[in-house]
Amino acid sequence: MKEHRRAEEVYVLKIGGSVLTEKGTVRRVRKEAIKRISEEIALALSTAPKKLILVHGAGSYGHPQAKVYLESREVKDALITHEAVKELNGMVVSSLMEFGLNAMPIHPLSGVESKGGEIKYKIKEQIEMALKMGIVPVLHGDVILDEKEGFRILSGDQLVVYVSREFKAGRVGVGTDVDGVLNDEGEVIRRITSAEVEEMSIEGSVHVDVTGGMKEKVFLLAKLASESNVPSILFNASKESNILKFLTGDENLFGTVIGYKK
Ligand SMILES: Nc1ncnc2c1ncn2[C@@H]1O[C@H](COP(=O)(O)OP(=O)(O)OP(=O)(O)O)[C@@H](O)[C@H]1O
Ligand SMILES: [Mg+2]
């Protein structure tokens, strides 16, 4: 992706729950990863200030809890899911603040709802105002209220598509614990066009992932590319410097680009 971007262009970065937490467990955080990532973000923004919207996944602070809710359908279990992911969000925001950034949480449960099968986002102005003030809004996968079903799950990946579309993002990065989208031989596919996605066979996740894992992620990003002309890059955020490379527009960032044309 060429790097001749205007300073006011919005960057969207998602950090997967697979990076921030130990996904095969319940409520185990990777403190070192959160610290390293915060440091990389702070360094990148101090050298080249830009508007950044951060989204993070839930990992072990959401997927196992949401699975319990989806089976029980008890209000209490949905709220436990929210509490868990809010705890992870608090750790991410605090860590960013410790590295000198102004970061603020935006909890989807308080500003997004589902009506008539559609997701209604009421968080755009808030995000806009925060960006104008140089604040990094930090969103996360969450449970949201649904008119008919009680609650439904809104994934971090869905939020990435929403904010990237609404803010016409100049650069969209999705970090997980793998180097990109892997083919059957385990090699990274360097580029996928939205047209190719339909013919691909991608698995979900090796861990509990109530929002469809890699398969749904690629599908959503392909949709973002084809419907809104916004390409994205999927890369390994567990590896040091990759977030820094993403935020500084380094073309050597290794990963899978999901675009709309060859
Ligand atoms: N073809 C594939 N290429 C790459 N990863 C794949 C593939 N098929 C399945 N996966 C799995 O997808 C996982 C990443 O997706 P997953 O949803 O678990 O992570 P995440 O989005 O970072 O977490 P969260 O949903 O908590 O934010 C990888 O750890 C890998 O096991
Ligand atoms: Mg996921």
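Descriptive notes on the structure:
- Debye-sum result for segment 192-238 in log10 I(q)/I(0), which assumes one identical scatterer on each alpha carbon, at q = 0.13, 0.17, 0.31 Å⁻¹: -0.31, -0.52, -1.17
- Radius 9 Å from Cβ of T21, net charge of other residues (Lys, Arg +1; Asp, Glu -1): +3
- At least 20 Å along the helix axis (C-alpha) and Kyte average at least 1.6, DSSP helices within the chain: none
- Neighbour net charge for D179 - beta-carbon separation under 12 angstrom, K R +1, D E -1: 0
- Listed residues G249, L234, G186: farthest to the positive end of the dipole of segment 174-258 (Cβ charges): G249
- When Rg and the Kirkwood Rh are both derived from Cα coordinates, the Rg/Rh ratio for segment 10-259 amounts to 0.94.
- Legend: distances between Cα atoms for K67/K215; K122/K168; K86/K245; K51/K245; K51/K215; pairs beyond 22 Å are K86/K245; K51/K215.
- Each peptide in 37-50, 140-153 receives the mean, over its residues, of other Cβ atoms within 10 Å, and ordering these scores from highest gives 140-153, 37-50.
- Relative protection proxy for 63-74, 15-26, 126-137, from highest mean packing down: 15-26, 63-74, 126-137 (other beta-carbon atoms within 10 angstrom).
- Multiplying each eigenvalue of the alpha-carbon gyration tensor of segment 1-148 by 5 and taking the square root yields semi-axes of 28, 20, 12 Å, largest first, rounded to whole angstroms.
- Loop-located GluC sites (Glu not before Pro) in segment 192-243, at most 16 other Cβ atoms within 10 Å (DSSP): E198, E199, E203, E240
- Farthest toward positive dipole pole in the chain [+1 Lys/Arg, -1 Asp/Glu at C-beta], among M133, V218, G24: M133
- Inter-centroid distance (Cα atoms) of segment 157-193 relative to segment 7-61, Å: 15 Å
Just so you know, all these numbers are worked out from the coordinates, no wet-lab data involved. All values derive from a computational prediction rather than experimental measurement. In this analysis, Cβ positions are derived from the backbone assuming ideal geometry, glycine residues included, and neighbour counts consider all displayed protein chains.
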